[in-house]
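Encoded as structure tokens, the structure appears first; notes follow it.
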Amino acid sequence: MNPEVIINSGALWLAIPVAMLAGLISFLSPCVLPLVPGYLGFLGGAVSPRPANGAQQVAPGRGRLVLGVLLFILGFSIVFVALTSIGGVANVFLIRWGDLVTRILGAVVILMGLVFLGLFGFAQRELRFHVDSKYGVIGAPLLGIALGIGWAPCLGPTLTAIFALSFNAGDPVRAGFLGLAYSLGLGIPFLLVALGFGWAAKTIGFLRRHIRVVNIIGGVLLILLGVLMVTGLWTDIMSRLQAVMSSVFLPL
């Protein structure tokens, strides 16, 4: 596909901020938010020089912590880009039933929104993988990959929505962009805290104290997206916006 068509696609431009918002909602989920200090502590240790025998572990510098977080984001980005690309591939084979599949996925997104609201607590679990910090710098992306896979069941509501959007994107390349956008929405808050922005840490603390409200807002947004998909309004909006963007940006 022509890269210009991909970048100027109205559907993509609308879906990307939705994917980033879904990533942010994932960051605020019970799978991730309460454990942020632990993740940052691991990443700081993973990229710090190993102390000599008997020596005390030296606290990592800000630069090393940021490096660890960037590698961590790279790790789970690989997982989520691969996952959304699968959605794009599925569209290639199921394009003749695209409208029906989108509506079915919309119904699943509504169900996942209810899960996010806490109606089915058993569905919000995560698989646990252990990555030892002794692996040094390579431990950071390994942790990202491991948690990207381990988070998948617990982040099922938002990941289902992104998979549905990636199917609607129409091809693996555009679907991959959505996976990257989702990863940025999930990863940027980690980076802001690692950079030492006090307001970011205070905001996370505030959200941790009001996580139930955050879950309700996130669940309602997922249900709204699912309703748009089930009713066909999402596909109609995508088609109209893509036509407008094409007429504005693409040569006649």
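The values are calculated or read from the model by the stated rules, or taken from the named source; none is laboratory data. Here the structure is a predicted model, which is why all the values come from computation and not from measurement. A quick note on method: Cβ atoms are made from the backbone with ideal geometry, for glycine too, and the neighbour counts reach across all protein chains shown. Note: areas computed on protein heavy atoms with side chains; ligands, DNA, RNA excluded. Shrake-Rupley method; radii C 1.70, N 1.55, O 1.52, S 1.80 Å.
Only one entry in Leu195, Leu207, Leu180, Leu186 is over 22 Å from Phe116 (Cβ atoms) and either surrounded by 14 or more Cβ atoms within 10 Å (Cβ to Cβ) or in contact with a Leu (Cβ under 8 Å, 6 or more places away or on another chain) (or both), namely Leu180.
Specify which of the listed residues (Met229, Met245) is at pLDDT below 75, crowded, with 16+ Cβ neighbours inside 10 Å and over 26 Å from Pro37 (Cβ atoms).
Working: Met229 fails: at pLDDT below 75.
On inspection, the qualifying residue turns out to be Met245.
The number of residues in the stretch 156-174 being modelled with pLDDT of 80 or more and in contact with a Phe, Trp or Tyr (Cβ under 6 Å, 6 or more places away or on another chain) comes to 1. All conditions in (1) under 23 Å from Ala15 (Cβ atoms); (2) open to solvent by 60 Å² or more (accessible area, probe 1.4 Å); (3) not β-branched (Val, Ile, Thr) hold for Gly219, with the sole exception of (2).
The residue list Gly118, Gly54, Gly136 contains one member that is at pLDDT below 60, surrounded by fewer than 17 Cβ atoms within 10 Å (Cβ to Cβ) and in a loop (DSSP other than H, G, I, E, B), which is Gly54.
Pro30 fails exactly one of the following numbered conditions: (1) surrounded by fewer than 19 Cβ atoms within 10 Å (Cβ to Cβ); (2) modelled with pLDDT of 80 or more; (3) out of contact with any helix residue (DSSP H, G or I) (no Cβ under 6 Å at 6 or more places or on another chain). What is the number of that condition? Every condition holds for Pro30 apart from (2).
Listed conditions (1) open to solvent by 10 Å² or more (accessible area, probe 1.4 Å); (2) modelled with pLDDT of 80 or more are all met by Ala201, apart from (2).
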